[in-house]
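Colleague: This structure is in structure tokens; I'll ask about it shortly.
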Amino acid sequence: MTPRHFIRLGTHAEKEYFSKLTGFDSVVLNANLIESTSAAMAFFALTMKKANHDYVIDPYTHAYAVEPSQIHSDAKPTDAKRPRIKATFKALAERYGIPLGAELGVRSLQPADLPEAVLRTIVERCLSYQNDRLGAELAANIQFLGDDGLAEGLVPAKLLAPYFVDEFDGTWTGLNRRALLLAAELAGHRVAGVIAFDSRSASDEALANLAREYSLPPVNDYFIWATDLDEHHTSPTTLQQYARFVRTLAQAGKSVTAFYGGFFALLLSYLGLRGVSHGVAYGDKRGMEPVAGGGLPPPMYYVRAVRDVIRIGDLPILATGLDAAQYRSRICACLICDELLRRGGPDYLFAALAETEYRPTSRGELREVPARSVYKLVKYHFLFNRQQEFIEVTESSFAELSQRMRDEAAWVASRLGQRSVAHIGRWITAVT
Ligand SMILES: [Zn+2]
């Protein structure tokens, strides 16, 4: 069975990729993004629905329980004594009924803030938000659409219970479970749980306990988010723990989707994983507290033989001596690469990916940076490759695929060194 393919919308600018791509199944929308531009998001969800892509809304409740600076705005504070909170998170807190009041953004939410009655209200409002917000926005704008009746049908495929990241220190474990049970009481089989845990502080025992607990009824659908798990650099032990966690839930009959996953997550489909979600620009992992600042990261080129991105500067080294036909069979023959190769072979492709343009810095100086067109090319190229990988895990046995991965990795290692493909062996071991 093909794993279900979810793509998460990270920014409004990414919408164009969704409208041009085919082949993926579902969309993940962040509640904070919905709150920032709800009408645009309602139209987007409707467009997706008409193209047969359903959606789920990530309620993003965990953001209130992490270090409060994560929801601070970059804008200058109006009052030097208090940080300014991002408007979207402030609005969302009001909609959910997060009981922090004036302390929002000053301290993080604690389970003690959420006695049963308060938690029940939050769960109820969080589910209603997901169910109703976009439809209501669409109904309010229906005169522009001309085809009414659509707004009622604009509901997510699943309603996600509120969740907080479990750091295995006893803080959130019980409350997460309670929130899930309340959600199931309210919305039955429409509910899915998000199991978020800090992969760095997980022990075999703690994860086994968590898996056992979530194997129990009544909820059958889960999204798993192992925060700070980096598929390419995480230790073999952590990968194995994650794999075992997925297998335990799958064996208990649960439908499990990786909330942020790359090719390692796709390999877990051999252990029963049923879906993988990722972003337009890779997004195969997500730390609990994203790194701030630093401008646009350089564009990177996804190489299927590596199952990771490489620097664009390394691509000519990897492709040394290959003609266009060999480039297609060894590296990539996606729509983007095929067209560039047809126009002028590998050299033309390297040149297109090395294009630069001048852009003003915050101090008004002009700086030479990778061209916008390059970001676009590498994103489409990545998305086409990921699409192929969903097909690949569906059509190959694990034995065939792991042999192919080893062969391709050996070829890459002969050109870029062993370190660039060190994760391949670790992945195969963790899934075997
Ligand atoms: Zn390509």
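The values are calculated or read from the model by the stated rules, or taken from the named source; none is laboratory data. These figures come from a predicted structure and were not determined experimentally. We place every Cβ from the backbone using ideal geometry, glycine too, and count neighbours over all the protein chains shown.
Colleague: Suppose we filter L229, L134, L138, L210 for residues that are touching a residue at least 24 places away in the same chain (Cβ under 8 Å) and assigned to a loop (DSSP other than H, G, I, E, B); which single one remains?
Modeller: Working: L134 fails: assigned to a loop (DSSP other than H, G, I, E, B); L138 fails: assigned to a loop (DSSP other than H, G, I, E, B); L210 fails: assigned to a loop (DSSP other than H, G, I, E, B).
Selected residue: L229, the only one of L229, L134, L138, L210 that is touching a residue at least 24 places away in the same chain (Cβ under 8 Å) and assigned to a loop (DSSP other than H, G, I, E, B).
Colleague: Considering only the range 318-343, state which residues are near the ligand (Cβ under 10 Å from one of its atoms) and of a type in the set (A, V, I, L, M, F, W, C).
Modeller: In the first step, residues of the range 318-343 are kept if they are near the ligand (Cβ under 10 Å from one of its atoms); the result is 327-328, 331-341.
The answer is I331, C332, A333, C334, L335, I336, C337, L340, L341.
Colleague: Next question, about the same structure. Could you grab the pairs with beta carbons closer than 9 Å, sequence gap of 6+ or different chains, first residue in the range 362-385 and farther than 19 Å from L9 by Cβ and in contact (Cβ under 8 Å) with a residue 12 or more places away in the chain, second one away from the ligand (no atom under 16 Å from the Cβ) and among the small types (G, A, S)?
Modeller: Short answer, once both residue conditions are applied: V369/G295.
Colleague: Here's a follow-up. Hey, among Y358, Y348, which residue is aromatic (F, W, Y) and loosely packed, with under 12 Cβ neighbours inside 10 Å?
Modeller: Y358
Colleague: From L266, L315, L349, grab the single residue that is within 16 Å of the ligand (Cβ to nearest atom), modelled with pLDDT of 95 or more, of a type outside the set (S, T, Y) and in contact with a strand residue (DSSP E or B) (Cβ under 8 Å, 6 or more places away or on another chain).
Modeller: On the way: L266 fails: within 16 Å of the ligand (Cβ to nearest atom); L349 fails: in contact with a strand residue (DSSP E or B) (Cβ under 8 Å, 6 or more places away or on another chain).
Testing whether each residue is within 16 Å of the ligand (Cβ to nearest atom), modelled with pLDDT of 95 or more, of a type outside the set (S, T, Y) and in contact with a strand residue (DSSP E or B) (Cβ under 8 Å, 6 or more places away or on another chain) leaves just L315.
Colleague: Given the criteria in contact with a Cys (Cβ under 9 Å, 6 or more places away or on another chain), buried (at least 18 other Cβ atoms within 10 Å of the Cβ) and under 21 Å from A252 (Cα atoms), does L160 qualify? Lay out the reasoning, then the answer.
Modeller: Numbers: in contact with a Cys (Cβ under 9 Å, 6 or more places away or on another chain): yes; buried (at least 18 other Cβ atoms within 10 Å of the Cβ): yes; under 21 Å from A252 (Cα atoms): yes.
Yes; evaluated as a whole, the condition is true for this residue.
Colleague: May I ask you to list the residues in the range 217-240 that are modelled with pLDDT of 95 or more and over 20 Å from the mean Cα position of the chain (by Cα)?
Modeller: Answer for the range 217-240, where residues must be modelled with pLDDT of 95 or more and over 20 Å from the mean Cα position of the chain (by Cα): P218, V219, N220, Q240.
Colleague: Return a yes/no flag: does the range 71-83 have any residue that is within 20 Å of L29 (Cβ to Cβ) and in contact with a helix residue (DSSP H, G or I) (Cβ under 9 Å, 6 or more places away or on another chain). Even if it seems obvious, please write down each step before you answer.
Modeller: If we filter the range 71-83 for residues that are within 20 Å of L29 (Cβ to Cβ), which is where we start, we get 71.
After this cut, where a residue has to be in contact with a helix residue (DSSP H, G or I) (Cβ under 9 Å, 6 or more places away or on another chain) as well, the list is 71.
Checked the range 71-83: at least one residue is within 20 Å of L29 (Cβ to Cβ) and in contact with a helix residue (DSSP H, G or I) (Cβ under 9 Å, 6 or more places away or on another chain).
Colleague: Also, I was wondering about something else. Here are S414, S397: which of them is in contact with a helix residue (DSSP H, G or I) (Cβ under 9 Å, 6 or more places away or on another chain), without any contact (Cβ under 8 Å) to a residue 60 or more places away in the chain and among the polar types (S, T, N, Q)?
Modeller: Values: S414 fails: in contact with a helix residue (DSSP H, G or I) (Cβ under 9 Å, 6 or more places away or on another chain).
From the options S414, S397, the qualifying one is S397.
Colleague: Would you please name the residue that is nearest to the ligand (Cβ to nearest atom), looking only at residues in the range 378-395 that are over 17 Å from R311 (Cβ atoms) and among the charged types (D, E, K, R)?
Modeller: Only one residue fits best here, namely R386.
Colleague: Would it be correct to say that S402 is closer than 30 Å to R244 by Cα, more than 14 Å from the ligand (Cβ to nearest atom) and crowded, with 18+ Cβ neighbours inside 10 Å?
Modeller: Numbers: closer than 30 Å to R244 by Cα: yes; more than 14 Å from the ligand (Cβ to nearest atom): yes; crowded, with 18+ Cβ neighbours inside 10 Å: yes.
Yes: the conditions hold for S402.
Let's see how each residue does on (1) of a type outside the set (G, A, S); (2) touching a residue at least 60 places away in the same chain (Cβ under 8 Å); (3) over 22 Å from L9 (Cα atoms):
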| position | (1), (2), (3) |
| --- | --- |
| G188 | no, no, yes |
| D198 | yes, yes, yes |
| L216 | yes, no, yes |
| V219 | yes, no, yes |
| Q241 | yes, no, yes |
| A250 | no, no, yes |
| L266 | yes, yes, no |
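Colleague: It is to be established whether one or more residues within the range 413-430 are of a type outside the set (A, V, I, L, M, F, W, C) and within 16 Å of the ligand (Cβ to nearest atom).
Modeller: Going through the range 413-430, the residues of a type outside the set (A, V, I, L, M, F, W, C) turn out to be 414-415, 417-420, 423, 425-426, 429.
From what is left, the residues that are within 16 Å of the ligand (Cβ to nearest atom) are none.
Scanning the range 413-430, I find no residue that is of a type outside the set (A, V, I, L, M, F, W, C) and within 16 Å of the ligand (Cβ to nearest atom), so the answer is no.
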